[in-house]
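See below for the structure under consideration.
A short reminder: the numbers here are calculations on the coordinates, not readings from a lab. The shown structure was predicted, so the numbers you read here are calculated from the model rather than taken from an experiment. Because the Cβ atoms are built from the backbone with ideal geometry, glycine has one as well, and the counts that use them run over all protein chains shown.
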Amino acid sequence: MSQKICISKNIFIQNSFFKKATGLMFRKKMSDFAMIFPFNKPTKISITMLFVFFKIDVLMLDSENKIIDLDEGLKPFKNYFYPEKAKTFIELPFESISKWKLKKGMTLSWNKSSIILMKP
């Protein structure tokens with residue numbers, strides 16, 4: 001039986017072009033957030049941290065919401081490119097990956113009010 005763990009209750013689903021383009025730009029640092037960027041099909045992801053003033057952690061998910069890549073401590077004002085295609089990526093507060101012990105292969109689910117880690 002799997003265990004469900006809530007890793008955030010402050011969810012922002014970036015489902016429009018404008019929301020995806022701006023993301024965390026000009027926002028203040030938050031201690032609890034999950035910014036979710038879903039795509040219609042798997043795509044190569046690039047993230048710009050232009051006008052983001054704090055470090056974040058990033059998760060790349062496949063079409064089954066399994067973590068296929070993760071990156072800790074993306075630095076402000078840099079660009080990041082990922083070689084694998086992802087269906088969704090999620091931005092989280094810095095140190096979330098270590099706090100929740102997130103690893104490749106783990107599955108996430110979410111709705112408008114929370115993001116849940118499914119631990120085996």
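Sorted largest first, the principal axis extents computed over the alpha-carbon atoms of the stretch 29-70 equal 30, 21, 17 Å.
To the nearest 0.05, what FRET efficiency results for K28 and K75 with a Förster distance of 22 Å applied to their C-beta separation? Walk me through the numbers before you get to the answer.
On the way: r = 17 Å, r/R0 = 0.79.
The computed FRET efficiency comes out at 0.80.
Relative contact order for the chain: 34 percent, from Cα pairs under 8 Å spaced at least 6 residues apart, divided by residue count.
In the chain, Rg over Rh equals 0.93, where Rg is the alpha-carbon radius of gyration and Rh the Kirkwood radius from pairwise Cα distances. The magnitude of the dipole of the chain, with charges of +1 and -1 set on the Cβ of Lys/Arg and Asp/Glu and taken from the Cα centre, is near 180 debye.
The order of F89, F33, going from fewest to most other C-beta atoms within 10 Å of their C-beta, is F33, F89.
When the helices of the chain are scored as -39500 (n - 2.57) per DSSP H run of n ≥ 4 and the total is divided over every residue, the value at 222 nm lands at -1500 deg cm²/dmol.
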